[in-house]
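J.: I have a structure I would like to understand better, so I am pasting it below and will then ask my questions one at a time.
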Amino acid sequence: MKLTKLGSKPTAQPTKELETFSNPNPKGDFHIHMEIPEFTCLCPKTGQPDFATLYLDYIPDKHCVELKSLKLYMWSFRDEGCFHEAVTNQILSDLVKATKPRYMKLTAKFYVRGGIFTNVVVEHRKKGWKPQPKVDLDQFPSQNSVV
């Protein structure tokens with residue numbers, strides 16, 4: 001049996017364009033936490049795949065990143081040779097440019113390669129923004145939000 005509809009081509013394509021939507025509560029600070037467990041890029045030296053889980057935490061100002069566009073943006077690195085440090089900084093820079101958040105932090109935890117785990121953490125703070133006093137609450141679970 002020949003399949004003609006399935007697998008012929010993906011319905012979405014990777015893109016560097018990040019779409020946003022208006023912050024539903026621009027007067028107050030609230031924390032958005034995302035876990036991206038399937039990030040891949042290529043080692044710029046060997047061409048072998050590198051895998052990472054990315055943790056994105058941000059406090060939006062006027063705009064939030066739209067999730068489907070974020071997914072397609074992350075997919076765009078799959079065939080690119082990138083050093084861990086460079087790609088983490090590039091992603092944060094692109095997200096800051098698109099959303100102009102009050103605060104944003106990106107943590108990239110790359111899986112072991114040659115016996116070495118690499119974690120890269122980058123931050124952005126909007127000039128003049130001061131965080132509200134910290135309230136000690138339980139943190140997000142480490143894997144996902146599904147019970």
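The values are calculated or read from the model by the stated rules, or taken from the named source; none is laboratory data. Worth saying up front: this structure is predicted, and the values here are computed from it rather than measured. We place every Cβ from the backbone using ideal geometry, glycine too, and count neighbours over all the protein chains shown. Just the protein is used for accessible areas: all its heavy atoms, side chains included, with ligands, DNA and RNA removed. Shrake-Rupley method; radii C 1.70, N 1.55, O 1.52, S 1.80 Å.
J.: Against the condition assigned to a loop (DSSP other than H, G, I, E, B) and in contact with a His (Cβ under 8 Å, 6 or more places away or on another chain), how does residue 101 come out, does it pass?
T.: Yes; evaluated as a whole, the condition is true for this residue.
J.: Go through (1) open to solvent by 90 Å² or more (accessible area, probe 1.4 Å); (2) more than 28 Å from residue 19 (Cβ to Cβ) one by one and return the number of the condition residue 115 breaks.
T.: Only one criterion in (1) open to solvent by 90 Å² or more (accessible area, probe 1.4 Å); (2) more than 28 Å from residue 19 (Cβ to Cβ) is unmet by residue 115, namely (1).
J.: Also, I was wondering about something else. Restricted to region 46-98, and to residues that are assigned to a loop (DSSP other than H, G, I, E, B) and open to solvent by less than 30 Å² (accessible area, probe 1.4 Å), which residue is nearest to residue 26 (Cα to Cα)?
T.: Checked region 46-98; the qualifying residue nearest to residue 26 (Cα to Cα) is 61.
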